[in-house]
Amino acid sequence: MGKVIVVEDSPSQLTDICDKLHDAGFETAEAVSVCSAKQVIEQASPLDIVLADMRLPDGQCFAILEWMKEKGYSQPFIMMSRYQDESTLQTAINNGVTRFVNKKRLDEELIVYVREQMEEQSRLAIRFDEDTYERKSEQFKTIRKDMERYARLGFRVMFTGETGAGKHCLARLYHSMCGRKGEFKRLDCASMPESKNEGALMLFGQEKTPRHPSRYDGGLLEKCKGGTIMLENVAALPEYAQGMLTYVLHHNEYEPVGALYEKKADVMFVATLSSSTDEGKALQPDFLHYLRNREISVPALRECVDDIIPLAEFFLSLTDKDKYLSADAKSLLMRHQWPGNVSEMKAAIQDAVAKSNGNKIEAGDFDLSWHRQMPPKESAGAMNMEEYMRCRVNYVIDHATGLNNAVKLFGMSKNTLYKWMDKLGIENPFGKNE
């Protein structure tokens, strides 16, 4: 749950309002002017809400709202005022005020309105990505319960599963469940610099000195202060970086390059690891011990048949709301083994939309031919990662019209596509500068 940012210039009323909110179980942050409110909101969580008096010493609360819009802050805004005439209410609506509380009726309205808004914020918290569907299969209901329990305890979680199964989306959801105030940042471990010095600069930053004040760079840990860092494909993390992060995970401290002191690391770490590879065995035992308080195994899409059609219809709604799947198309999707999991489905739906005529998408609009050489259902799990990725990369090369389209079809980052081409000895036909 977020906190309530109370903006009120009267000391007695500020104390009274905060006491009421504390008694109701809410946390608060206080400000007494437009200027100080901006400073507090800059440190706010997306789950927080703003409760502000209309008239403040340095302007009206609408100045805060205008500033929030310019800066991209979207926290709900509740305005307080003793004036409830039609003109005041219309001005509030025009300026984007979410709700209005009459100061003469604080005892009746304040807690009710704040609680309702906080509950709405909690519901919105799980809608962390427009491309994310909250899956309803029994497997994912169990996973969600485990994540809620781990989030309450502040555990670090490692998400394991096949490529494209949805590990990244669950990591983002876990960040939201933990109520982290900062950003969610992804670190592609395969893209870490080979040089230890460059890696230290990237992670820990460089401290400024009297001789070189312009060299200051906060590094990833400072930029993500109060947030979450997802170590994507953690098996690819260089050995030197594992050693550096082991100390951070154990002591919650790090030392910027050139610094004479350690800084507090206010960061939650989560990680993803492919369950189809043995590369995880190369992780240093101490690093793995501190990184993985708990492990969540993300099932393949073929194991969650209840999710197949709802997911397909969700991706279809994102691509073209006017189109729908025929009965034969749904039957085809249910029979398919989805070795590329959710990432493959998203690309398949987008491709079918482009090929279809009219609003109905037929089975013939789907091109799943690149998987016709896949093992049958009873042996689908026997395919190793290299065999699967070779099939996937070759499909991308055969079907992509350029680098951007290749990345879209591949369903992962450009660097990961290049990495697998190099590993499999497949020539890159796209070039690296498009």
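Do we have any residue at all in region 335-342 that's under 31 Å from the mean Cα position of the chain (by Cα) and at pLDDT 90 or above? The answer is no, given that none of the residues of region 335-342 is under 31 Å from the mean Cα position of the chain (by Cα) and at pLDDT 90 or above. Against the test of being in contact with a Gly (Cβ under 9 Å, 6 or more places away or on another chain) and open to solvent by 30 Å² or more (accessible area, probe 1.4 Å), the options Gln43, Gln60 yield a single qualifying residue, Gln43. Here Met389 passes the criteria (1) out of contact with any helix residue (DSSP H, G or I) (no Cβ under 6 Å at 6 or more places or on another chain); (2) in a helix (DSSP H, G or I); (3) aliphatic (A, V, I, L, M); (4) modelled with pLDDT under 90 except the one numbered (1).
Of the residues in region 270-278, at least one is part of a loop (DSSP other than H, G, I, E, B), open to solvent by 30 Å² or more (accessible area, probe 1.4 Å) and β-branched (Val, Ile, Thr).
On the stretch given as region 289-340, residues that are in a strand (DSSP E or B) and out of contact with any helix residue (DSSP H, G or I) (no Cβ under 9 Å at 6 or more places or on another chain) total 1.
Filtered by the rule that a residue be of a type in the set (Asp, Glu), free of Cβ contacts under 8 Å to residues at least 12 places away in the same chain and over 28 Å from Gly182 (Cα atoms), region 41-91 gives Asp85, Glu86. Taking the criterion of being over 18 Å from Ser36 (Cβ atoms), at pLDDT 75 or above and open to solvent by less than 80 Å² (accessible area, probe 1.4 Å), the residues of region 67-86 that qualify are Pro76, Ser81. Here Leu187, Leu170 are screened, and the one residue that is in contact with a strand residue (DSSP E or B) (Cβ under 8 Å, 6 or more places away or on another chain), surrounded by 16 or more Cβ atoms within 10 Å (Cβ to Cβ), assigned to a helix (DSSP H, G or I) and at pLDDT 85 or above is Leu170.
Among the residues making up region 246-262, those that are open to solvent by less than 50 Å² (accessible area, probe 1.4 Å), closer than 18 Å to Gly226 by Cβ and not aromatic (Phe, Trp, Tyr) are Val248, Leu249, Pro256.
Residues of region 105-135 that are open to solvent by 80 Å² or more (accessible area, probe 1.4 Å), assigned to a loop (DSSP other than H, G, I, E, B) and modelled with pLDDT under 70: Arg127, Glu130. Only residues in region 252-272 that are more than 20 Å from Asn293 (Cβ to Cβ) count as the first member; pair them with residues that are of a type in the set (A, V, I, L, M) and surrounded by fewer than 20 Cβ atoms within 10 Å (Cβ to Cβ), Cβ under 7 angstrom, at least 6 apart or cross-chain, and list the lot. These pairs meet every condition: Val257/Leu201.
The values are calculated or read from the model by the stated rules, or taken from the named source; none is laboratory data. Everything numeric here is computed off the predicted structure, so don't read it as measured data. Every residue, glycine as well, gets a Cβ built from its backbone with ideal geometry; the counts of neighbours run over all protein chains shown. Ligands, DNA and RNA are stripped out before the accessible areas are found, and what is left, the full protein with its side chains, is counted by its heavy atoms. Shrake-Rupley method; radii C 1.70, N 1.55, O 1.52, S 1.80 Å.
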